[in-house]
Amino acid sequence: MQELDCSILAKLRPATSKNNNRKSIVAQAFNRWFVYGLVGYAKTEQAMSYWLCRCKCGNFGIVAKGKLTSGWSKSCGCLKRETTGDRARSHGMSKTLVYGRWADMLTRVDNPNYKQAHDYSERGITACEGLRKFENFYALLGEPPARYEIDRKDNEGNYSCGSCEECLSKNWPMNVHWVPRKINARNTRKNVYLTYDDKTHCVAEWAERLNLNPLLIAKRKRAGWPDDECLGFKHRASADRYRRKV
Ligand SMILES: [Zn+2]
Ligand SMILES: [Zn+2]
């Protein structure tokens, strides 16, 4: 909880018993604020009264009556933090793995400049309202095990939780789960195939056979490396070793 900011007191004339009940707003609620009592009046402006209030979240504040009644001040600031996409700071998880996975998911479906937009936004793949809130995403899926990624069970379906209003109205099932990265790589709609020594496999298959990181193979392929080099057969020696093995 924040400490009460009393700096305003220096600018106030304290309330006296005489004006204590004048146009009292004590015990009234204004949005998240609940008024406890009159603190004083502005020295410069006779009519401007200041009130001790408590926010629903527990923080106290001294707020001008006009700001309360006009709705200019609705909370200690917690409301704004919740509604301006500052969720990352409020839940303190912005640097965690699970938050990164969530943010990646939204990038895939929302960003038309995403490098694989043809697999997501351009196909109409989206994320449901429920999963768009990090708190829901986290509650539903929890922490991913190391090297796991978020995946859609049905690759033609959306990132959907199956239980939010949007999912219920559109009949979207729960369609997300954590999977090890290599499965995810195999699920991607346009599998990338590489050929070496007259054998053609997708990235995930090669990665498994050669015990390589599928993301590394895919990255090399995207960078335009020849297939043999993508698979680490750059040097004659390792290529020979592979031939002997198969
Ligand atoms: Zn608050
Ligand atoms: Zn949903």
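The values are calculated or read from the model by the stated rules, or taken from the named source; none is laboratory data. Everything numeric here is computed off the predicted structure, so don't read it as measured data. Using ideal geometry, Cβ is built from the backbone for each residue, glycine included, and neighbour counts are taken over all protein chains shown.
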key: the range 153-178, residues that are touching a residue at least 40 places away in the same chain (Cβ under 8 Å) and farther than 13 Å from Glu129 by Cα   = Val176
key: For Tyr148: the one exception among (1) among the hydroxyl-bearing types (Ser, Thr, Tyr); (2) over 22 Å from Asn213 (Cα atoms); (3) away from ligand 2 (no atom under 16 Å from the Cβ); (4) touching a residue at least 12 places away in the same chain (Cβ under 8 Å)   = (2)
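Residues that are in contact with a strand residue (DSSP E or B) (Cβ under 9 Å, 6 or more places away or on another chain), over 30 Å from Pro226 (Cα atoms) and not assigned by TED's automatic domain parsing to the domain that holds Trp225: does the range 108-122 have at least one?
Looking for residues that are in contact with a strand residue (DSSP E or B) (Cβ under 9 Å, 6 or more places away or on another chain), over 30 Å from Pro226 (Cα atoms) and not assigned by TED's automatic domain parsing to the domain that holds Trp225, one finds at least one in the range 108-122, hence yes.
On the given criteria, is Leu68 away from ligand 1 (no atom under 16 Å from the Cβ) and crowded, with 16+ Cβ neighbours inside 10 Å?
Numbers: away from ligand 1 (no atom under 16 Å from the Cβ): no; crowded, with 16+ Cβ neighbours inside 10 Å: yes.
Answer is no for this residue.
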task = Being within 16 Å of ligand 1 (Cβ to nearest atom), over 12 Å from Gly61 (Cα atoms), assigned by TED's automatic domain parsing to the domain that holds Ser73 and modelled with pLDDT of 85 or more narrows it down to one of Phe30, Phe34, so name that one.
result = Phe30
